[in-house]
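The values are calculated or read from the model by the stated rules, or taken from the named source; none is laboratory data. Treat the numbers as computed from the prediction; the structure is a model and nothing was measured. Every residue, glycine as well, gets a Cβ built from its backbone with ideal geometry; the counts of neighbours run over all protein chains shown. Ligands, DNA and RNA are excluded from the accessible area calculation, which covers all protein heavy atoms including side chains. Shrake-Rupley method; radii C 1.70, N 1.55, O 1.52, S 1.80 Å.
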Amino acid sequence: MAHFRTLDDLGDIRGKRALVRVDLNVPMSDGKVTDATRIERVAGTIRELSDKGAKVVLLAHFGRPKGPDPDLSLEPVARATSDVLGRNVTFIPDCIGKMVEGAIFAMMPGDIALLENTRFYKGEEKNDREFTEKLAANGDIFVNDAFSAAHRAHCSTEGLATVLPAYAGRTMEAELEALERGLGNPARPVVAIVGGAKISTKLDLLMNLVKKVDALVIGGGMANTFLAARGEDVGKSLCEHDLAQTARQIMIEAATAGCAIVLPSDAVVAKEFKAGADSMVVPVDKVPADAMILDAGPKTVETVNEWIDRAETLVWNGPLGAFEITPFDKATVAVARHAAARTKAGGLLSVAGGGDTVAALNHAGVADDFTYVSTAGGAFLEWMEGKELPGVEVLKTR
Ligand SMILES: Nc1ncnc2c1ncn2[C@@H]1O[C@H](COP(=O)(O)OP(=O)(O)OP(=O)(O)O)[C@@H](O)[C@H]1O
Ligand SMILES: O=C(O)[C@H](O)COP(=O)(O)O
């Protein structure tokens, strides 16, 4: 990639402080990382910089804290990163200031440290110049290996590249190359599946996506808002009723663009959101008032698989149900396995992205059978829409 500086362009960095932006926003349960894919993907960059003798200082965010929040500390992620690397990763409980400066000063060439959640400071998400400079004070070079956070114009994703010599890490390089190969000019029909729970974040994306794909399958918690917008009673399901008008607008845009919208026709419902809860399959117009939709039903799975059979390109972000909890993983697993089988048989280019989506494909045992699995969620979708990603653009121009 001629227009980026990469690790190949680094000179002698022995003893230099490399601030490395990674995406360690990984799924966690009971304080433990439940899927280490994002950590595994950045391990190569970390090892390479460490082997070159840099002091490797990892910068990352975790969750969406409103300020310092012990529940969103990166400390447990430092342990998981250490396990993946098979090397010690020191956790430094802040990301700016004298204490951090001292801790980094004490590091030996090749040592690796992870700083505390950058989002504990308000300046981070505002891309505040002063906060960028405080972060930059602890680095000699900046390496961005967080493609999955590159849609955010934050200090640690964009700002730092304006004040320090900036390089794309190996994962950033690999993601851009693979997505360009797979989606630059996709073979049609293109089917997109968008599910998951981050409804408000994804509605804007859907608005643009319907203009680019031939069919849009809406699943997971996302679908409930659309079903409600269509007038269905979704009981106690996850649903953003105040976004019903936007959902209706998306359906109108889709009709205008000739994009088929595929919504669930049946659903698995339960009264409790817990493993092994009593559940039943109902048509989407018969959801009991005291129950919630937690997965797509078998008829829906059949319909989605038929769309996959017609597709040349499949783009997938967001699970079709609460796949972490049995038995609400069935639809996601069935569709993932179907797409994987078609990919393996030839004829389907399948690209999936999203932290939870990757976890779901791993759960289905088919992540390796997709053409490409990106660890990015929002960044993946924005890239798909053709939007410029600030974290990528700033690397290009320097
Ligand atoms: N019907 C549903 N009700 C409640 N939660 C659901 C439902 N369907 C899916 N989910 C939840 O959606 C979550 C995943 O959604 P999300 O939008 O975060 O996916 P993603 O885009 O792959 O992940 P990320 O945003 O981390 O990259 C899972 O935790 C899953 O349990
Ligand atoms: O999980 C992600 O998609 C990235 O880490 C970005 O997280 P955000 O949506 O909270 O900015």
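Entry remark, the range 295-324: residues being near ligand 1 (Cβ under 7 Å from one of its atoms) and over 23 Å from residue 205 (Cα atoms) number 1 in total. Criterion applied to 139, 219 was being away from ligand 2 (no atom under 16 Å from the Cβ) and either over 23 Å from residue 316 (Cα atoms) or not assigned by TED's automatic domain parsing to the domain that holds residue 305 (or both), and the one residue passing it is 139. Suppose the filter is more than 16 Å from ligand 1 (Cβ to nearest atom), assigned to a helix (DSSP H, G or I), open to solvent by less than 30 Å² (accessible area, probe 1.4 Å) and not acidic (Asp, Glu); does residue 247 pass it? No. The set of residues in the range 322-379 being within 16 Å of ligand 2 (Cβ to nearest atom) and aliphatic (A, V, I, L, M) consists of 351, 352, 358, 359, 360, 361, 373, 376, 379.
Does residue 84 satisfy being in a strand (DSSP E or B), under 19 Å from residue 145 (Cβ atoms) and in the same structural domain as residue 139 (by TED's automatic domain parsing)? No. For the range 10-29, enumerate the residues that are open to solvent by 50 Å² or more (accessible area, probe 1.4 Å) and either within 16 Å of ligand 2 (Cβ to nearest atom) or within 28 Å of the chain's Cα centre (by Cα) (or both). Hits for the range 10-29 are 17, 28, 29.
Note on the range 147-178: among residues that are under 17 Å from the mean Cα position of the chain (by Cα) and of a type in the set (D, E, K, R), the one that is surrounded by the most Cβ atoms within 10 Å (Cβ to Cβ) is 175.
Pairing each residue of the range 129-153 that is under 9 Å from residue 20 (Cα atoms) and away from ligand 1 (no atom under 16 Å from the Cβ) with any residue that is open to solvent by 10 Å² or more (accessible area, probe 1.4 Å) and hydroxyl-bearing (Ser, Thr, Tyr), provided the two are 6+ apart or on different chains, yields C-beta distances under 8 Å for 141/167; 142/167; 143/167; 144/167; 145/171. Checking the range 368-378 against the condition returns a match, with at least one residue being in contact with a Lys or Arg (Cβ under 6 Å, 6 or more places away or on another chain) and assigned to a helix (DSSP H, G or I).
Annotation: residue 199 fulfils all but one of (1) modelled with pLDDT of 95 or more; (2) open to solvent by less than 10 Å² (accessible area, probe 1.4 Å); the unmet one is (1). Has the range 210-220 got at least one residue that is crowded, with 17+ Cβ neighbours inside 10 Å and among the charged types (D, E, K, R)? Yes; the residues of the range 210-220 include at least one that is crowded, with 17+ Cβ neighbours inside 10 Å and among the charged types (D, E, K, R). Checking each residue in the range 30-65 for being away from ligand 2 (no atom under 16 Å from the Cβ), modelled with pLDDT of 95 or more and not charged (D, E, K, R) picks out 43, 44, 45, 46, 49, 50, 53, 54, 56, 57. On inspection, residue 117 fails the criterion of being within 21 Å of the chain's Cα centre (by Cα) and at positive phi.
Looking at the structure I just gave you, is residue 138 assigned to a loop (DSSP other than H, G, I, E, B), more than 30 Å from residue 221 (Cβ to Cβ) and open to solvent by less than 20 Å² (accessible area, probe 1.4 Å)? For residue 138, the condition - assigned to a loop (DSSP other than H, G, I, E, B), more than 30 Å from residue 221 (Cβ to Cβ) and open to solvent by less than 20 Å² (accessible area, probe 1.4 Å) - is met.
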